Every structure is written in C-alpha cells, then in structure tokens.
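The values are calculated or read from the model by the stated rules, or taken from the named source; none is laboratory data. Model, not experiment: these values are computed from the prediction. Every residue, glycine among them, receives a Cβ derived from its backbone with ideal geometry; neighbour counts consider all protein chains shown. All accessible areas refer to the heavy atoms of the entire protein, side chains included, with ligands and DNA or RNA removed. Shrake-Rupley method; radii C 1.70, N 1.55, O 1.52, S 1.80 Å.
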Amino acid sequence: MSAFKKLASDTALYGVSTILGRLLNYALVPVQTYAFGQPKQLASNVELYAYIALLLVLYTLGLETAFFRFAARRPETTPKVFSDTLSMVIVITSMATVVLLWLAPDIAIWLDYPDQTTFIRWSALIVAIDAITAIPFARLRVENKARQFVKAKMINIGIVVALNVFFIIFCKDVYEGDYLPQLRPFVDYIYNPQIGPGYIFLANLLGNACYFLLLRKAFKGFRFQLDWPEIRTLYLYAYPIMLTGLANVVNNLTDRLFLRHYLPEGFYPNLTNEDALGIYGQCYKLSVFMALAIQSFRFAADPFFFSKAEDKNAPGLLARVTKWFIIVCVLIWIGVSLNLDVLGLLIGPKYRQGLGIVPLLLLGNLFLGIYFNLAFWFKLSDKTKYGTLITVIGAVVTLLGNMFLIPLMGYMGCAVAFLASSVVMTVICYVLGEKHYPVPYDVRSALGYITGAGLLIYASLQINIPNPWIAVPFHLALFGLSVAVIAVIERDTIREGWARFRRSRKPAPVGSSQ
C-alpha cells in the first residue's frame, strides 16, 4: 500500500500544481477571446501552437523516456546520461532553429499567413527553449524533486499570464486612451497594435526564457559531450518512443492542422474557415480538465512504474491504479459535460457555438489516458516497437477520419475522428498487452462506468433548461448522484483503503523498529 500511497502523493503534488497552473493559464481564454472577438483573429494562434507541439516531439526524440529508463536502471550513471541526452537535444534544436528563423518568411507564405513572419520566428524560439529544458525537467522527476519542478512551472505560468494581461489589456487600453494617459509615451515605445494576437507568442517566449534561470540547479553538472556509443544506445531505445510520441501528436493535432484546409468554404453560414478554426481551437480548451488529470498522473507514473519494473507485484498495482484512474476521469467527463452552459461563459460569445464538440473530446481524452496506462507493458518490457505500431495505426485513423469527416461534419468531424483513434489505440494496446505482459485489469468495471456516464450525459443534453437557476442545480445534482453511485459500488474498496490510511497515520509503538 505504501507504493500506491507514494504514487498518489506524487500525482497529487504534480496534479495540484499542474491544475492550478493550467487554470491560471486557462484564465487567458476569456482574456483572449473577449479581446479578439472575431474567431479568425486567433486562427493562426491555434495552428502555430499545433506546429510547436509537433516540433517539440521531433526535437526531443523521445529522450525523456530514455533518460527515465537508463537512469532507473543505473542510478550511478545519471549525471552522464543527463549530459548525453541534453547534448543531443541541444545539437538537434540549434540546427533546426537556425533553419526555421532563416526560412520564416517562406513558411509564413506557405501557411497562408504572409504577414506573420515575426510570429513564426517567436514560435521557433518557444519550441527551442521547451526542447532544451525538457531534459532538466525530466531530471527533476527522476530525482524526485517534484517541488522544484512545480515551482519552475508555476512561476513560468504566472509570468506568461501576467504578460498576456499586460500587453493584451493594459497596454491596449492605455494606447487607446481609456485610462492613465500619462503612461501613453511609455506604452507607445513598447506596444504596437498591429501585433495584436502576436503578443500571445511574445508573452510565452519571455516566460519560457525565464526557465534558464529557474532551472539553473537542474543543469548542474552538465557537460556538453557526444559519447557516440552511449548516444547510439539511447537513440535505439528512444527512437520508437519518438515515433510513438509523434503519432500521438498527430492524433491530437491533426484536427487543428487540417480543419482550415479541408472545410468547404461556406460550410458554416456567415463564418470563414479561419473563424471555424478559431472557434474549434478555443472550445477544444474546455477539454483541458481531462488532459490535466492525465498529464498530472503521467508526471508521477512514468518514473514510478519504471522503478517498479522488476517488482512481481507491478501488474496488480497497475491494474488497481488504472481502475481508479478511469473512475476519476469518468467523473471529470460527467462534471464538465453537464455544466457546459456555465463553463461556456469563459469564452467569448461568438466562440460558444462550438461547445457541442466538448463531450466527445473529453471522451477521446479519457480513452487516450487509458491507453497511456495500458502502454506501460511495452515500456516495462522494452518492446517499444509495439507502441510505435499502435500509435501509427491511431495516427492513420485520425488522418483519414479528419480528411473524410471534416467536409461532412465540420469541426464535429474532428472530434469524432479523435475519439475513434483513441478507442482503436486502446483496444489494440489491451489485446497485445494481455499476450506479452498480462495485467488483471477490471474491464467490466471500466466499460460499465464509461457506458453509464455516456448514457447520463446524452440524456441530460436532451433536456433543455433555459433558466440557469434551475439548470445549474439540476446538473450538480446529477453529478452528485454519479459520485454517490460510484461510492456505493466501490464501498468495500473505499472502506479498506480508509482503514489502511488510518492505520498508517497511527504512531508506531514505543520501542518498535521502523
């Protein structure tokens, strides 16, 4: 039980910080959508951030996971493995960044954003910093320095949020003469209204630049070195992980990269394709609550389960963890989907017509989270080629789904394609995992909770309650009922866990060995 508690404790620490940080970051959604009321103004923002995520996977080459694996296997070599992996990332990132900065004008024309060359250059620098600091962040996780990890992330997010508010609201208002006219000369010097949404990239870049100061201790002991035999070993392990990560990014980002190009002109009355992309991109952010749970869990679970690779009890522990992971995610799915009428107020009025995609996106993320749990079998058994195969299949489903469904269903087709891909990956991973690394998962429980939640959400969406004073209590009551039903079903497990927790809190008898 102590191992389970350790994982829960780390997940809580990463989770609270990640959730709080993302919520602060999510506070920018109303700032940005109300400041830029026309959805097309944020279209390039949605698309360029998708490319940033794609490039980050290519720059890091899956070396974060390789670092976890080799540092856990040979702890005494952690400093050398750190230097080798970071050196590889620096070389790849530096070369790619120089190319992107040089070709930025041509890339802007190719993406059909000819007046946003500067935004593309800022994006190139953002992804470069993210890539170089990825390995130091991984080192903090390996060394169980969660507090340092959390501190750096939180300060970064605070800076980014503050700079967004400063440029997008304060500087804009002063420039337009709304207040503080005495500051107008200063604002004229640093603010250009033509940049507009580009300040989102600039704020991100300045915030990320602070990582080098915040992570200076995590860089301690780094020596630039290219030990080719060691690098080859790391690369052979990491390359399939990189392909897996790339396929995962394709699964998550194809919608934003394809929507503007595959959507027929005039599909949505009175909206351009750029408007549709802006609407989809901002509504997509409401699925952040599920992504937060998954990301928080993975931050703690990756190093935890690698450290338990040789433990004979690992399969049973993984099964229990997965069951409760699914239960938590199901509750998030229900809670967000039932309260879209309230959560939708966080985005500008012209963006709310896309809220119907959110339940499907949440469900897709739920299955993706299950897949990440199931995927430990090929990581722990060093059979990462299966992960590559599964995610490539998922990527193909996503690509084909978006190509065929966007012209028929618009941005709803993006959500359906993402869900289909996540389900296919989960099923294939489970079937292969049971052959190569059997784990006693409670499949009946998982299917029961997901099906029940789906029926509840579908039924509630068919009931239109225009009065918010009635709708909100009704939806909260349904959510409370869901929690109560799960508590009754899992009462024995909850009772047992509570008893063990109380026993662990009791002081040891005097004279007993610890």
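Remarks
- Residue list for the range 379-419, restricted to those being at positive phi and either open to solvent by less than 10 Å² (accessible area, probe 1.4 Å) or in contact with a Leu (Cβ under 9 Å, 6 or more places away or on another chain) (or both): Gly410
- Matching residues in the range 135-149 - criterion: being open to solvent by 20 Å² or more (accessible area, probe 1.4 Å) and part of a helix (DSSP H, G or I): Arg139, Val142, Arg147, Gln148
- Exactly one residue out of Thr77, Thr65, Thr97 is part of a helix (DSSP H, G or I), over 23 Å from the mean Cα position of the chain (by Cα) and at pLDDT below 85: that is Thr77.
- Single match in Phe376, Phe372 (criterion: aromatic (Phe, Trp, Tyr), over 23 Å from Trp469 (Cα atoms), in contact with a Leu (Cβ under 7 Å, 6 or more places away or on another chain) and in contact (Cβ under 8 Å) with a residue 40 or more places away in the chain): Phe376
- Search result, residues across the range 339-364 that are modelled with pLDDT under 90, open to solvent by less than 10 Å² (accessible area, probe 1.4 Å) and not β-branched (Val, Ile, Thr): Gly344, Gly348, Tyr351, Gly354
- Criterion violated by Tyr268 - all others in (1) touching a Gly at 6+ places or on another chain (Cβ under 7 Å); (2) closer than 23 Å to Tyr371 by Cα; (3) open to solvent by 20 Å² or more (accessible area, probe 1.4 Å) satisfied: (2)
- In the set Ala291, Ala300, only one residue is at pLDDT below 75 and closer than 26 Å to Phe149 by Cβ; that residue is Ala300.
- Remark: pairs (first residue in the range 457-485, at pLDDT below 85; second residue of a type in the set (Val, Ile, Thr); Cβ separation under 7 Å; 6+ apart in sequence or on different chains) = Ala471/Ile465; Val472/Val342.
- Subset of the range 109-135 [under 26 Å from the mean Cα position of the chain (by Cα) and over 20 Å from Ala203 (Cβ atoms)]: Leu111, Ala134, Ile135
- Meets criteria (touching a residue at least 40 places away in the same chain (Cβ under 8 Å) and under 19 Å from Ala53 (Cα atoms)) for Thr118: yes
- For the range 271-284, the set of residues classified as open to solvent by 20 Å² or more (accessible area, probe 1.4 Å) and within 22 Å of the chain's Cα centre (by Cα) consists of Tyr284 only.
- Every condition in (1) out of contact with any Ser or Thr (no Cβ under 9 Å at 6 or more places or on another chain); (2) not in a helix (DSSP H, G or I) holds for Lys435 except the one numbered (2).
- Selection count where residues are more than 30 Å from Ile135 (Cβ to Cβ) and open to solvent by less than 10 Å² (accessible area, probe 1.4 Å), scope the range 228-262: 1
- Among the candidates Pro468, Pro440, the residue that is farther than 22 Å from Asp341 by Cα and not polar (S, T, N, Q) is uniquely Pro440.
Conditions (1) crowded, with 19+ Cβ neighbours inside 10 Å; (2) among the hydroxyl-bearing types (Ser, Thr, Tyr); (3) touching a residue at least 40 places away in the same chain (Cβ under 8 Å), marked per residue:
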site	(1), (2), (3)
Thr133	yes, yes, yes
Met154	no, no, yes
Phe167	yes, no, no
Pro181	no, no, no
Phe186	no, no, no
Tyr189	no, yes, no
Pro193	no, no, no
Asn208	yes, no, yes
